[in-house]
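Inspection log for the structure reproduced underneath, given as structure tokens.
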Amino acid sequence: MPFLTTDDDVKLHYVEAGSGSPVIFVHEFAGDHRSWEPQMRYFSRRHRAIAYDARGWPQSDVPSAQEKYFQARACDDIRAVMDALSIDKAHIVGLSMGGFATLHFGFTYPERALSLTVAGCGYGAEKGERDKFRAENEVSAKLLEEQGMAAFAEAYAYGPTRVQFENKDPRGFEEFKTQLAEHSNIGSARTQLGVQRERPSLYDLEDEMRELSVPTLVVTGDEDWPCLLPGVYMKQCIKTAGLLVVPNTGHTINLEEPAAFNQGVADFIAQVEAGRWPERDPRAVTSSITGMTK
């Protein structure tokens, strides 16, 4: 199995396929590199497609120290993957936890991003939800540490934004839940406390988003309630952002609706590479409703 080493000496496992402009997939908390298999098969037909396991996820290293897990480090691990694989610029595609890392990558290393796809991003972002989200992270970490990964997976997989996946595709959902139960309870608990609980709210990053000029696609399911309004907010703030809302869909968008996800991201990347992805026309930003004012 191929591995690379980050600048803080953590080994990350990765897979790659295909050739062409690089596309790097960054998984969600409940996923791993296997979660991107429908995308690896699709995008490797025209691109160099890469997926990796975050620190704390088998097959990568699982550091025991809590200080090894934080939002900026998750962002820097994307850069570490690119550096190790001699990639100067790439299209970055992230879901949920990976979507936050992708957005922060755009803030920190915009010169290395061909584009950003920020999917399922927003859990705990809304101001009125911050304390609740942080408390739920602590409950999750305690369950992981005291009862282990299997018990956690049995509860977490049936969250209110994942039951849509089970209803549509019981076979795919069962595979997702089985793979979740194979993760490290230690790595997952450290990530809950260090990355998920402590990351800044999107609503505290408005200045950074308004400065962002990398082509960006925001993707959300319309039943992914914690991410729906934050997705609109990102669209409003990022002048180069488009918003794709997938109907009757929850959080695990790329697995729940792989055809819609693949087509949307592929069309976005094609427009970026053709130089046709726009920056918002300033005339579209006005306090007027119709443009007809006194």
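The values are calculated or read from the model by the stated rules, or taken from the named source; none is laboratory data. Remember, it's a predicted structure, so these values are computed and weren't measured experimentally. Cβ placement follows ideal geometry from the backbone for every residue including glycine, while neighbour counts extend to all protein chains displayed.
Key figures
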{"item": "Identity of the residue in region 243-268, free of Cβ contacts under 8 Å to residues at least 40 places away in the same chain and in contact with a helix residue (DSSP H, G or I) (Cβ under 7 Å, 6 or more places away or on another chain), that ends up nearest to residue 174 (Cα to Cα)", "result": "246"}
{"item": "The listed residue being in a loop (DSSP other than H, G, I, E, B) and within 22 Å of residue 161 (Cα to Cα), out of 25, 29", "result": "29"}
{"item": "Check on residue 45, of a type in the set (D, E, K, R) and either more than 21 Å from residue 252 (Cβ to Cβ) or touching a Cys at 6+ places or on another chain (Cβ under 7 Å) (or both)", "result": "yes"}
{"item": "Per-region count, region 182-228, residues in contact with a strand residue (DSSP E or B) (Cβ under 9 Å, 6 or more places away or on another chain), part of a helix (DSSP H, G or I) and farther than 29 Å from residue 151 by Cα", "result": "1"}
{"item": "Out of 241, 274, 260, sole residue that is over 28 Å from residue 31 (Cα atoms), at pLDDT 95 or above and among the hydrophobic types (A, V, I, L, M, F, W, C)", "result": "274"}
{"item": "Residue in region 70-93 that is over 17 Å from residue 14 (Cα atoms), crowded, with 23+ Cβ neighbours inside 10 Å and of a type in the set (Phe, Trp, Tyr) present", "result": "no"}
{"item": "Residue in region 218-227 that is among the polar types (S, T, N, Q), out of contact with any Phe, Trp or Tyr (no Cβ under 9 Å at 6 or more places or on another chain) and either under 19 Å from residue 92 (Cβ atoms) or buried (at least 17 other Cβ atoms within 10 Å of the Cβ) (or both) present", "result": "yes"}
{"item": "Pairs with Cβ under 8 Å, 6+ apart, first in region 213-234 and more than 19 Å from residue 107 (Cβ to Cβ) and in contact (Cβ under 8 Å) with a residue 60 or more places away in the chain, second of a type in the set (Val, Ile, Thr) and assigned to a helix (DSSP H, G or I)", "result": "220/253; 221/253; 224/253"}
{"item": "Some residue of region 108-115 being in contact (Cβ under 8 Å) with a residue 12 or more places away in the chain, among the polar types (S, T, N, Q), surrounded by fewer than 21 Cβ atoms within 10 Å (Cβ to Cβ) and in contact with a Cys (Cβ under 7 Å, 6 or more places away or on another chain)", "result": "yes"}
{"item": "Scan of region 246-274 for residues that are surrounded by 16 or more Cβ atoms within 10 Å (Cβ to Cβ) and not in a helix (DSSP H, G or I), ordered by number", "result": "246, 249, 250, 251, 252, 257"}
{"item": "Residue satisfying condition, being surrounded by 15 or more Cβ atoms within 10 Å (Cβ to Cβ), among the small types (Gly, Ala, Ser) and assigned to a helix (DSSP H, G or I), within set 172, 242", "result": "172"}
{"item": "Subset of region 2-53 [of a type in the set (A, V, I, L, M, F, W, C), surrounded by fewer than 19 Cβ atoms within 10 Å (Cβ to Cβ) and farther than 23 Å from residue 73 by Cα]", "result": "17"}
{"item": "Selection count where residues are modelled with pLDDT under 95, in contact with a strand residue (DSSP E or B) (Cβ under 9 Å, 6 or more places away or on another chain) and of a type in the set (Ser, Thr, Tyr), scope region 111-165", "result": "0"}
